[in-house]
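The block underneath contains the structure these notes are about, expressed in structure tokens.
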Amino acid sequence: MNRLIKLTFLFSTLFLVYSCTDLEEILEDELTDEFSDGGVAVIDGATDGGVLPPGSLLAAYNALRNGTAGHGSYYSIQTVSSDEQTIGAKGGDWFDGGIWVRMHQHTINSSSGPVNDTWNNAYNGIGEANLALSGALSANETAQAKTVRAFHYLRLLDLFGRVKLITAPGGDAPQSNRITVFNFVESELLGALGILAVTGAMDLSGSALGTGSEPYIANQFAALGLLAKLYLNAEVYTGTARYQEADWAATYIIDNGPYQLCGVGCSVPNLAQRPAVASDPSTLEGYAAVFAPNNQFNPEMIWSIRYDEVSATGMNFVQMNLHYSSQLTYGLDAQPWNGYQVLEEFYNSYDGSDARKTANFLAGPQSDFSGAALLDFAADDPDLVLDYTPAINELVPNSIRQSGTRAKKFSFQLFGRPDMNNDYPIVRLGDVYLIRAEARAREAGDWSLAAPDVDVIRDRAGLAPMAITPDSFLAERGREMFQEATRRTDLIRFGKWGDSWWEKTNSDAFRTVFPIPQNQIDAAGGSLTQNSGY
């Protein structure tokens, strides 16, 4: 995150805005060691966002960016296939051969380019981790590389189920079943943690992973976060529930980690504040601060992917989500693409007083940089004023160009480039609370046990406690985790993946996994077979 930040501004970011006591103490203690060269931390390849991984692992970590927060790969297939967002065909714009219509309607096939790109991105990341592991690494570096590789395999496990477990550069392997892939991911993460199993009294003192809170480096809490996600979905992946282990892993993070929910008093300057628009807040506080362009020191981040508009590109939400005319709102370097639209029912699931509703969405009439009404001179409805309406008229063939509210959880900044500066969470504390809540409820068969952790999340959003049922919990989790590429996985776990929603009817049961890309099957010489049903 390097965009022309003056030294005085950086100091205010470091010492004033994230005003949680523990973080302040950490920063003050490390000031002498980490702050030099005009205010940018430079130890071991560092940026203003913190210490980067060692050079031996940098390529493996960098590969995490591919498809995570951009169009056309992992983020897209996780999101457009869910009930969060869609990409309406706006005349000839965004039809793209019908691939996004099929993705939304759960009729995708094995020739889908985005599905193939997702597969390739995961195996490219695995390849970088394997290459690093083939060299001379310290015990800590080895544990980090295996954690990064396990994360890629966790994605493949969730998306495709039956994949190849390749563990050496240039190697090949037979296709494994889903249980074998699950066991591999679990074993790699347990090995990195130096334990045989996750328990309520586990001792991580033998782990080669560290406990420092640098967000770009996988530590013990990051590995436990991945295990918590793995165990939460174990029944889907293997047929055997592992909710107790999910609870234990999440509890260890909450009780022992240096992380805090970003709430009242945890704020950053609003980099999208227009000088002449009084309604633009000067700061982003709480939930909104977690995902801002200047979120690199947020105390809620356990493990995050570094994005930067110049040197760590690949986050394109500003392009993917905004209408063409919204370039004039923020003085953007390039015109947005006007693609992704939030489904009306999902948007309306938020209470009007929910702070996350304001943070997550752009809705209603839009204005330009000076605050004047923003016009769309090529409007396909009678009103020239750009108005993001919750209702979307149709998916295809002529989805109105300004229909659908737009995602802005990963908020924008003035004069931004097509690539954004917001870091993207792999594991964050808010998710960990919800994992523990659900795991406890499912293990005991009593959803009231989820209430304490859900209340913590709702309180941060300015909401009162609510009665917990499976449906209300899923809705609450959706509101918190919007745009973090978890919704498809959550819907499957709750048995809602086959339900009908806007412009999508019930889907076949086999579609809880994606098809193995036909390109991969053709190239595998018979060593890959298709998932059942495709």
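Derivation of every value follows stated rules applied to the coordinates shown; laboratory data play no part. Since the model is a prediction, treat every value here as computed from it, not as a measurement. Using ideal geometry, Cβ is built from the backbone for each residue, glycine included, and neighbour counts are taken over all protein chains shown.
Give the separation of the Cα centroids, region 480-503 to region 83-126, in Å.
So the two Cα centres are separated by 16 Å.
Starting at the first residue of region 482-495, write each ³J(HN,Hα) from the Karplus equation 6.51 cos²θ - 1.76 cosθ + 1.60 with θ = phi - 60°, in whole Hz, x for Gly and Pro.
Result, rounded to whole Hz: 3, 6, 10, 6, 10, 5, 4, 4, 5, 4, 5, 4, 8, x.
So, by mean Cβ neighbours within 10 angstrom, what's the order for 273-282, 516-525 with the highest one leading?
516-525, 273-282
Can you give the FRET efficiency to the nearest 0.05 for THR283 and SER527, using r as the Cβ-Cβ distance and R₀ = 51 Å?
Computed FRET efficiency for THR283 and SER527: 0.40.
At 222 nm, what helix-only mean residue ellipticity would the chain give, in deg cm²/dmol to the nearest 500, using -39500 (n - 2.57) for each DSSP H run of four or more?
-11500 deg cm²/dmol
Compute the whole-percent fraction of alpha carbon pairs in region 298-452 spaced more than 29 Å apart.
Value for region 298-452 (Cα pairs over 29 Å): 30 percent.
Can you list the residues, at least 5 places off or on another chain, whose amide H is less than 5 Å from the amide H of SER367, using H built in the peptide plane?
Correct list: LEU374.
Using Cα positions and a limit of under 13 Å, work out the aspartates and glutamates in reach of LYS164, with same-chain residues fewer than 8 apart set aside.
Counting by Cα, and skipping residues close in sequence, LYS164 has these aspartates and glutamates nearby: ASP172.
In whole angstrom, how far apart do the alpha carbon centroids of region 150-207 and region 453-473 sit?
The two parts, judged by their Cα centres, are 33 Å apart.
Please arrange SER176, SER370 by how many other C-beta atoms lie within 10 Å of their C-beta, fewest to most.
Ranked by crowding around the Cβ, least crowded first: SER370, SER176.
Roughly speaking, what is the centre-to-centre gap between region 224-274 and region 350-395 when only Cα atoms are used, to the nearest Å?
Taking the Cα centre of each part, region 224-274 and region 350-395 sit 32 Å apart.
Pulled fully out, how much extra length does the chain show between SER187 and PHE415, if you take 0.36 nm times their separation in residues and subtract their Cα-Cα distance?
77.5 nm
Could you check the simple spin-label distance between ALA467 and SER500, using points 7 Å along Cα→Cβ, in nm with one decimal?
2.7 nm
Go through (i) 22.3, 67; (ii) 29.4, 91; (iii) 28.7, 109 and flag the label whose value is the computed Rg and Dmax of the Cα atoms in Å for this structure.
(i)
Can you list the DSSP H helices in the chain whose Cα atoms extend at least 24 Å along the helix axis and whose mean Kyte-Doolittle hydropathy is -0.5 or higher?
Flagged H segments are 113-133, 139-159.
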